[in-house]
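**Student:** Quick one: the structure is below, questions incoming.
The values are calculated or read from the model by the stated rules, or taken from the named source; none is laboratory data. Note that the structure is a prediction, hence the values are computed from the model and not measured. Heads up, the Cβs are rebuilt from the backbone with ideal geometry, glycines too, and the neighbour counts pull from every protein chain shown. Quick note on the areas: whole protein, heavy atoms, side chains included, nothing else; ligands and nucleic acids left out. Shrake-Rupley method; radii C 1.70, N 1.55, O 1.52, S 1.80 Å.
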Amino acid sequence: MKIGFPRALYYFDYYPFWAGFFYNLDIELVTSEPTHRGIMESGLKMAHDETCLPVKLLAGHINSLKDVDYIFLPRMVSVEEKTYLCPKFLGIPESVSAAVDGDIPVITVTINWREGQNQVLKALEAFGLKLGKGKAMIRNAFQEALKWQTMYGELRRSGEDFEESLDLCEKSFTILPRETSLKLAKTNQYKVCENREPRPGIALVGHAYLVNERYANLDLVNKLRANVDLKLIEETETKAVENSLKGLRKKMFWSQAKKILGAGYSYVDDETVDGVIYLSCFGCGMDSVSQDMLARRARKAHKPYMVITLDEHSGEAGLVTRIEAFVDMIVRRIENESNLSAYGKCLDNN
Amino acid sequence: MKVTFPHMGNVWIIIKTLFEMLNVEVIVPPLTSKKTLDLGTKISPESACLPFKINLGNYIEAAQEGADTIAITGGIGPCRFGYYGELQRQILKDAGYSYEAVILEPPDGSIPGLLKRIRYLAGNHNSWGRIMKTIYFAYQKSVAIDRVEDLIHAARPRLENKPATELLYQKALASLVSVTSYRGLEEVVRSVQQEIAERQAVQNYQSGSGSDPLRIGIVGEIYTILDPFSSADIEKQLGFLGAEVDRSIYLSGWVGKHVFQGLAKGYRSMKSYPRLAKPYLGHFVGGHGQETVGSAVKFAQKGYDGIIQILPLTCMPEIVAAGILPRIQEACNIPVMTLTVDEHTGNAGIQTRLEAFVDLLERSNCLRKKVPKELVSLERMC
């Protein structure tokens, strides 16, 4: 049996879990190819006009999945206690498959950690039984899947980039012994050239499905890495994220916003971070709240802050100009300790 | 302490009653206008939804009249409305308004925490018994308002003198504002009922009874369907175009579900919606997304002529529903139109679309009645 997994949306956060789960159930999981023009265009045509870019991409990826027996679209309601994922995640099996309307049947399972691990396991058991697998096998697969997800998290925190982490994570459970791959990860780490002058530190925050979606974000991560020391949410310790959220009067109820906001707040207070970039997409409801809160905090702390809003019309030249301007501004700010005159002559020495 | 709250259609009547009967000073913000929206839009995040911007405008206008405390409901997601109270408090603070925001929700699920907040708003001079009694009366008032609204919905397309109908509605609302007894509520509703019946009798006598009007179901996001300002007064416009409207959510239904946790049914219960939605959307998606789908199915089953969905731009649950409505349109053979509103929405644009939609429904209605079956099948063969 072959199950298709679209390379969009939850792929960027939870693929290791599902890869581990299906690997241990002896089911072949096929992902769609990385986003390219054709996928994006078909997605734009099929998905509802007003939905956000990532969901449109998802529609394109579902459409591009061929030669599989089923398409797997989990309903990820919640991945931890007392939080939800975006409402659009909750309706994906119905709303997106309605848009695509292919011949391949869709299978789904509801994952809701709000009700505890037992309920998640129960849902997965019912799901696995339908696929003709035994209970013991499903339980084992679930435990293994959690290990895959943890491993992936560790690799990301060690500084490994997204694609490499996924690859290493998979290898470490299938081919390589685990220790070797962790070691591999450390040698592969992105390094700052030591002979060059120190570069500004910039933190990039945003949803994983935007930050890691290289086609849609016009390879923003690598563009930034060429000029600055880049920090990503995935590389930040969970503890730092949780600590910086303690001052909130009301707890955030979205997991993704919690991560973004927590990491964002910690970057604002972090002296090695010279500026924060928020990568958002048009029409994101969650970002309208978290982006505004982070902007307020950054303004109070006088931390340079920029929002990049992606949509299907984002152009490369515009993006590059904005990044250059932002980085230039930060470099000047470092050199002149923000003692720039607000009027009159430029104090720039060079 | 001077309490204020955001507008949402006729909700102000109920909240005003609630606080006044508890002897708490309350400031009703000036009715929402273009100016309100402009004020709110200026300090709102760009991609926040329309209700958020109107709310902020309401607070600013209320602050000019001396309000210092906001009472607003909350939530724990996944709709972003749950976080609005807190975000609005921060925004107002940064903009220089010294507001305290009391979010009426159990903080972290703690009921004593909620009671403490209610106590803070109600002050120490009210007993719990009195608070509960007043809340129940306010709820009954919301039922009365819903009944009046429903009568007016039916009267608009049927009565020829349109301005007189609107006057009747406004008068009924005005008298509902000051009513403080259950009997008073009943009387207002009955007088509206009587007045409409009388006018219809006169009209029938003069020009004979007209044909049945089109029936259109309005579904969508609760704020935009309850608040006439945000939806360009769509119910009135449709009424004038000769369509009888019904909507998926009535205020008392919402209060019954969320405040009384289903113990009170409300004028229109929302109970059946999740069950009806199940074949199309098997899980709740926050906000009223599932209710939108369920009520669309209900309207289709009841033989309505068309369905209009209203949502504020970027509303997450309603976008999910909007993606599913075409399936209902196909399965139940009922035209569905989706209207998105934001701060740039113009009345003329909406009016044109409504006229086109009503024309379309009327035509398909005529065709269904007049065109003989054979002709239709012949056309298909070509």
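**Student:** Got a sec? Which of A:Ala216, A:Ala257, A:Ala240 is in a loop (DSSP other than H, G, I, E, B) and touching a residue at least 24 places away in the same chain (Cβ under 8 Å)?
**Tutor:** Exactly one of A:Ala216, A:Ala257, A:Ala240 is in a loop (DSSP other than H, G, I, E, B) and touching a residue at least 24 places away in the same chain (Cβ under 8 Å), namely A:Ala216.
**Student:** Which residue pairs have Cβ atoms under 7 Å apart, sit 6 or more places apart or on different chains, and have a first residue in the stretch A:274-301 that is within 24 Å of B:Phe81 (Cα to Cα) and a second that is open to solvent by less than 10 Å² (accessible area, probe 1.4 Å) and acidic (Asp, Glu)?
**Tutor:** Pairs that qualify, where the first residue is within 24 Å of B:Phe81 (Cα to Cα) and the partner is open to solvent by less than 10 Å² (accessible area, probe 1.4 Å) and acidic (Asp, Glu), are A:Ser280/A:Asp287.
**Student:** Condition first: more than 9 Å from chain A (Cβ to nearest Cβ) and buried (at least 20 other Cβ atoms within 10 Å of the Cβ). Can you find one or more residues in the stretch B:278-285 that meet it?
**Tutor:** No, because not a single residue in the stretch B:278-285 is more than 9 Å from chain A (Cβ to nearest Cβ) and buried (at least 20 other Cβ atoms within 10 Å of the Cβ).
**Student:** To continue, here is another question. Return the pairs, sorted by first residue and then second, in which the second residue is open to solvent by less than 30 Å² (accessible area, probe 1.4 Å) and assigned to a loop (DSSP other than H, G, I, E, B), the first residue lies in the stretch A:22-33 and is assigned by TED's automatic domain parsing to the domain that holds A:Gly134 and more than 14 Å from A:Leu129 (Cα to Cα), the beta carbons are less than 8 Å apart, and the residues are 6+ apart or on different chains.
**Tutor:** Matching pairs, first to second residue: A:Val30/A:Leu65; A:Val30/A:Val68; A:Thr31/A:Pro6; A:Ser32/A:Pro6; A:Ser32/A:Ala8; A:Ser32/A:Leu65.
**Student:** Of B:Ile15, B:Ile43, B:Ile72, which residue is under 21 Å from B:Gly253 (Cβ atoms) and open to solvent by 30 Å² or more (accessible area, probe 1.4 Å)? Talk me through it step by step, then tell me what you get.
**Tutor:** On the way: B:Ile43 fails: under 21 Å from B:Gly253 (Cβ atoms); B:Ile72 fails: open to solvent by 30 Å² or more (accessible area, probe 1.4 Å).
Unique residue meeting the criteria: B:Ile15.
**Student:** I've got another one for you. Suppose the filter is touching a strand residue (DSSP E or B) at 6+ places or on another chain (Cβ under 7 Å) and open to solvent by 40 Å² or more (accessible area, probe 1.4 Å); does B:Asp38 pass it?
**Tutor:** Answer is no for this residue.
**Student:** Let me ask something additional. Which condition does A:Ile62 not pass, out of (1) at the interface with chain B (Cβ under 9 Å from one of its Cβ atoms); (2) surrounded by 23 or more Cβ atoms within 10 Å (Cβ to Cβ), if it passes all the others?
**Tutor:** Every condition holds for A:Ile62 apart from (1).
**Student:** Of A:Leu121, A:Leu131, A:Leu146, A:Leu85, which residue is without any contact (Cβ under 8 Å) to a residue 40 or more places away in the chain, assigned by TED's automatic domain parsing to the domain that holds A:Met46 and of a type in the set (A, V, I, L, M, F, W, C)?
**Tutor:** Answer to the selection: A:Leu121.
**Student:** Still on this model: Any residue in the stretch B:227-234 that is closer than 14 Å to B:Ala296 by Cα, open to solvent by less than 10 Å² (accessible area, probe 1.4 Å), assigned by TED's automatic domain parsing to the domain that holds B:Leu325 and within 11 Å of the chain's Cα centre (by Cα)?
**Tutor:** No.
**Student:** Of all residues being part of a helix (DSSP H, G or I) and among the hydrophobic types (A, V, I, L, M, F, W, C) in the stretch B:59-103, which is farthest from the other protein chains (Cβ to nearest Cβ)? Just the residue, please.
**Tutor:** B:Ala62
**Student:** Yes or no: B:Glu221 acidic (Asp, Glu) and farther than 21 Å from B:Gly75 by Cα?
**Tutor:** Here the answer is no, as B:Glu221 does not meet what is asked.
**Student:** I need the full set of residues from the stretch B:240-281 which are aliphatic (A, V, I, L, M) and modelled with pLDDT of 90 or more, in order please.
**Tutor:** B:Leu241, B:Ala243, B:Val245, B:Ile249, B:Leu276, B:Ala277, B:Leu281 - these are the residues of the stretch B:240-281 that are aliphatic (A, V, I, L, M) and modelled with pLDDT of 90 or more.
**Student:** Could you list, in sequence order, all residues of the stretch B:350-359 that are without any contact (Cβ under 8 Å) to a residue 40 or more places away in the chain and either surrounded by 13 or more Cβ atoms within 10 Å (Cβ to Cβ) or basic (Lys, Arg) (or both)?
**Tutor:** B:Arg353
**Student:** Also, quick follow-up: Can you give me the number of residues within the stretch B:315-341 that are open to solvent by 10 Å² or more (accessible area, probe 1.4 Å), within 17 Å of B:Ile225 (Cβ to Cβ) and either without any contact (Cβ under 8 Å) to a residue 12 or more places away in the chain or within 11 Å of chain A (Cβ to nearest Cβ) (or both)?
**Tutor:** Number of matching residues: 3.
**Student:** Looking at this structure, is A:Ile111 in contact (Cβ under 8 Å) with a residue 24 or more places away in the chain and within 9 Å of chain B (Cβ to nearest Cβ)?
**Tutor:** no
**Student:** Which one of these does B:Lys298 not meet: (1) within 14 Å of chain A (Cβ to nearest Cβ); (2) in contact with a helix residue (DSSP H, G or I) (Cβ under 7 Å, 6 or more places away or on another chain)?
**Tutor:** (1)
**Student:** Further question: If you take the residues of the stretch B:305-314 that are within 18 Å of B:Val245 (Cα to Cα), in a strand (DSSP E or B) and more than 9 Å from chain A (Cβ to nearest Cβ), which of them is nearest to the chain's Cα centre (by Cα)?
**Tutor:** Across the stretch B:305-314, the extreme among qualifying residues is B:Ile310.
**Student:** Working carefully through the options B:Ile196, B:Ile249, B:Ile225, find the one that is more than 29 Å from B:Ala348 (Cβ to Cβ) and among the β-branched types (Val, Ile, Thr).
**Tutor:** Result of the check over B:Ile196, B:Ile249, B:Ile225: B:Ile196.
**Student:** Looking for something surrounded by 15 or more Cβ atoms within 10 Å (Cβ to Cβ), within 14 Å of chain A (Cβ to nearest Cβ) and in contact (Cβ under 8 Å) with a residue 12 or more places away in the chain - is there at least one such residue anywhere in the stretch B:258-272?
**Tutor:** no
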